[in-house]
Amino acid sequence: MRWLGIDPGEARVGIAACDPDERIAVPIEVVPASAAFPAIRSIAQREEIGGIVVGLPRLLGGEEGAAAASARALGERLRRRLDLPVEYEDERLTSVAAERATPSRRASDDLAAALLLQQFIDRRRRLQAEARTEDARDS
């Protein structure tokens, strides 16, 4: 299944997607926050997306603040309006890593989306492998 990764921000939203085999996430676009919903809807339809991963900006202690509440509101709107499953991924360190990797802050938003989506699909693949191993032991 193809997933869309969303790195929500007050000014800009980074968007990334993974391949159908859920192996690699790539940056797609950075859009103004005010235009995020129509852009995400368009990309989700064009890329035949099956699910959305929204970055959840937790505070360093792990608790959720106002930014996380905004991210959850966006995720809920996407779930309702696009009728797609929405997952949340802790993005505490992805934006910092993206900023270090790119000289332009603007360019780093879509990279942050790709990093959080890659983190999500890697964890998903690891959990699936562990479940297969567990099933094999039980057989």
Original post:
Once you list every other residue whose beta carbon is under 13 Å from the beta carbon of F37, what net charge do they have if Lys and Arg are +1 and Asp and Glu are -1?
Top reply: +4
Original post:
In which sequence would D21, D110, D7 go, from the one with the fewest C-beta neighbours within 10 Å to the one with the most?
Top reply: D21, D110, D7
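Is the chain best put as rounded, prolate or oblate by its Cα gyration tensor, with a ≥ b ≥ c the root eigenvalues, rounded for a/c under 1.5, and otherwise prolate when a/b is larger than b/c, oblate when not? Please list the in-between numbers first.
Numbers: a/c = 1.61, a/b = 1.42, b/c = 1.14.
In terms of gyration-tensor shape, prolate.
Can you sort V31, V13 from fewest to most other Cβ atoms within 10 Å of each residue's own Cβ?
So the ranking, lowest neighbour count to highest, is V31, V13.
At a 10 Å Cβ-Cβ cut-off, how would you order S34, S70, fewest neighbours first? Display every interim value, and only then the final one.
Values: S34 10, S70 15.
Neighbour counts put them in this order, fewest first: S34, S70.
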**OP:** Largest first and in whole Å, give the semi-axes of the stretch 1-67's equivalent ellipsoid, each being the square root of 5 times a Cα gyration tensor eigenvalue.
**Re:** 22, 16, 9
Subject >> Per-residue ³J(HN,Hα) for the stretch 75-88, Karplus 6.51 cos²θ - 1.76 cosθ + 1.60, θ = phi - 60°, Hz, x for Gly and Pro >> reply: x, 5, 5, 5, 4, 5, 7, 9, 6, 10, x, 10, 10, 10
Original post:
In nm, to one decimal, how far is the R132 label point from the D21 one, both placed 7 Å along Cα→Cβ?
Top reply: 1.2
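Report the local net charge at R125: Lys and Arg +1, Asp and Glu -1, summed over other residues whose C-beta lies under 12 Å from its C-beta. Show your work: numbers first, answer last.
Values: positive: R23, R123, R124, R126, R132; negative: D21, E22, D122, E130.
Summing Lys/Arg as +1 and Asp/Glu as -1 gives +1.
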Original post:
How much net charge surrounds P57 when only other residues with a Cβ under 10 Å from its Cβ are counted (Lys, Arg +1; Asp, Glu -1)?
Top reply: -2
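Coordinate-derived values only; no laboratory data. Since we're looking at a predicted model, the values are computed, not measured. Here Cβ is always computed from backbone atoms with ideal geometry, including for glycine, and neighbour counts include all displayed protein chains.
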